[in-house]
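Participant: I am attaching a structure below and will ask some questions about it afterwards.
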Amino acid sequence: MAEVNSFDFLEKLEERNLLHIRDRIFGALDDRDMHNCSQVSKSWQRVVETIRLRRKEKLRMEMGEIGGAGHFWGDDKIISRGGVRNSTDEEDLKKVLRLLALGEKKINLKFWLHDNWEVAESGWTIQFKSANENSGDDGNFYLWISYRRGAKFKATKQEICPWTGEEFHRRELQSEKDGTRQRIKFEDNIRGGCFIRVNITLL
């Protein structure tokens, strides 16, 4: 019965050329509600996927590569030395997580070597743990990404000199299961004052 009623509701709006009303109704929903609506019926799923795609493209354009959407391989020195960005902050991480919730598969993050973050948004979580001795050093940096259960990913890790943009210690990493999460870790061989850039692809 739910399939028929929901289908009729959407069909009536389309028949009467009231797509703007349909889009406003669904557009007011957050990511969790959108997911729940997509389970109602195939017709709702179709509308939800269309709106989710629009949201993703809009957010991607707003963020750009320097904001964490897609991969970034450009000159990554600090802004005061002519670069385009500094390190990823909490608001940046929330936007990246919202983008993942909308179905994005490629992101990039840039951490200061002393950073420690744990940020949750739209059902997703990113945690970064520094290897700095003042942050509970065990000799490794850690990066976790999770959505309900772990989200498998691969990553290219590079260290970036903040003053020159020089890149070094590049490594290709594959996430491993850590309890219910997926994580990468890499050893602390980082020069003082460096950024860590991670280009990530979800699998």
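Participant: Could you check Lys152 against (1) closer than 27 Å to Leu59 by Cβ; (2) charged (D, E, K, R); (3) surrounded by 17 or more Cβ atoms within 10 Å (Cβ to Cβ) and say which number it fails?
Facilitator: Every condition holds for Lys152 apart from (3).
Participant: If Ile184 satisfies all but one of (1) modelled with pLDDT of 95 or more; (2) over 19 Å from the mean Cα position of the chain (by Cα), what's the number of the condition it fails?
Facilitator: Condition not satisfied by Ile184: (2).
Participant: Looking at the range 39-81 only, could you name the residues that are within 28 Å of Gln158 (Cβ to Cβ), among the hydrophobic types (A, V, I, L, M, F, W, C) and either part of a helix (DSSP H, G or I) or without any contact (Cβ under 8 Å) to a residue 12 or more places away in the chain (or both)? Steps first, please.
Facilitator: First pass over the range 39-81, keeping only residues within 28 Å of Gln158 (Cβ to Cβ): 56-57, 59-81.
Within this subset, residues satisfying the condition of being among the hydrophobic types (A, V, I, L, M, F, W, C) are 59, 61, 63, 66, 69, 72-73, 78-79.
Correct list: Leu59, Met61, Met63, Ile66, Ile79.
Participant: So, one more: I need the full set of residues from the range 87-108 which are at negative phi and touching a residue at least 40 places away in the same chain (Cβ under 8 Å), in order please.
Facilitator: Once the filter is applied, which keeps residues that are at negative phi and touching a residue at least 40 places away in the same chain (Cβ under 8 Å), the range 87-108 yields Ser87, Arg98, Leu99, Leu100, Ala101, Leu102, Glu104, Lys105, Lys106, Ile107, Asn108.
Participant: Can you confirm whether Leu97 is assigned by TED's automatic domain parsing to the domain that holds Ile190, in contact with a Leu (Cβ under 8 Å, 6 or more places away or on another chain) and either within 26 Å of Val48 (Cα to Cα) or not β-branched (Val, Ile, Thr) (or both)?
Facilitator: no
Participant: What pairs can you find where one residue is in the range 177-191 and in contact (Cβ under 8 Å) with a residue 40 or more places away in the chain, the other is of a type in the set (A, V, I, L, M), and their Cβ atoms are less than 6 Å apart, with a gap of 6+ or different chains?
Facilitator: Sorted first by the residue in the range 177-191, then by its partner, the pairs are Ile184/Leu143; Ile184/Ala155; Ile184/Leu173; Asp188/Ala131; Ile190/Leu113.
The values are calculated or read from the model by the stated rules, or taken from the named source; none is laboratory data. Computed from a prediction, not measured in an experiment: that's the story for all the values here. Neighbour counts are summed over all protein chains in view; Cβ atoms, including those assigned to glycine, are modelled from backbone coordinates with ideal geometry.
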